[in-house]
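This report concerns only the one structure given below.
All of the numbers you see were taken from the coordinates with simple rules; none came from a lab. In this text the structure is predicted, and so the values were computed from the model without any measurement. Neighbour counts are summed over all protein chains in view; Cβ atoms, including those assigned to glycine, are modelled from backbone coordinates with ideal geometry.
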Amino acid sequence: MTELHATYMESFLAGLSAYAHITATAEQAAEDPPYITISQHLTMNGSPLIVALAASLDTFYALASGYSGISLSGMGDLAVDAACELFNVINGHFSSQMRAHGSAVSIIDPPRHALGSAVPAAPLFSLSIACPSGTMQLMASREEFLP
């Protein structure tokens with residue numbers, strides 16, 4: 001496990017707990033089919049870093065509802081907005097954490113999303129995350145891979 005992989009995973013899991021009130025663990029689990037994939041373009045020490053999250057339907061709504069504080073199940077665009085904002089907040093926390101350790105991480109673009117699964121051709125890492133509502137996949141690459 002690389003330092004980037006370990007640091008991002010720790011930051012992501014802490015963000016889920018703090019901002020969406022979801023306890024999750026990094027573990028191999030039977031993966032639910034992704035309903036949505038959310039990605040965000042960052043840079044790390046001047047190099048592109050695309051981080052992404054693919055979540056099952058139940059997990060997606062749990063993320064959105066946990067972050068917003070109200071049930072967004074079945075709320076479509078509102079749930080997408082909340083889940084993307086959660087991802088942005090987590091990545092902002094990651095950026096601050098990395099800067100404190102001497103790595104320049106900047107958020108370049110707001111999160112974007114696509115329904116279904118998208119997988120990078122050359123992942124820097126790919127990690128299964130399990131939580132009470134289902135599974136998600138955490139990924140990173142050097143190039144955007146959402147359609």
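Structural remarks
- Among [x] 13.9, 42; [y] 14.7, 42; [z] 19.4, 64, the entry that matches Rg and Dmax of the Cα atoms in Å as calculated here: [x]
- Approximate spin-label separation Asn45-His21, in nm, with each point projected 7 Å along Cα-to-Cβ: 4.0
- Our note on the geometry: Cα centres of segment 10-42 and segment 120-147, 9 Å apart.
- Across the chain, the mean sequence separation of Cα contacts (distance under 8 Å, 6 or more residues apart), normalised by length, yields a relative contact order of 34 percent.
- Label-point separation in nm, Ala121 to Glu144, each point 7 Å along Cα→Cβ: 1.6
- Where labels lie 7 Å past Cα in the beta-carbon direction, separation of Ala100 and Asp58 in nm: 3.5
- Angle between the chain longest axis and helix 77-100 axis [Cα atoms, degrees, rounded to 10]: 30
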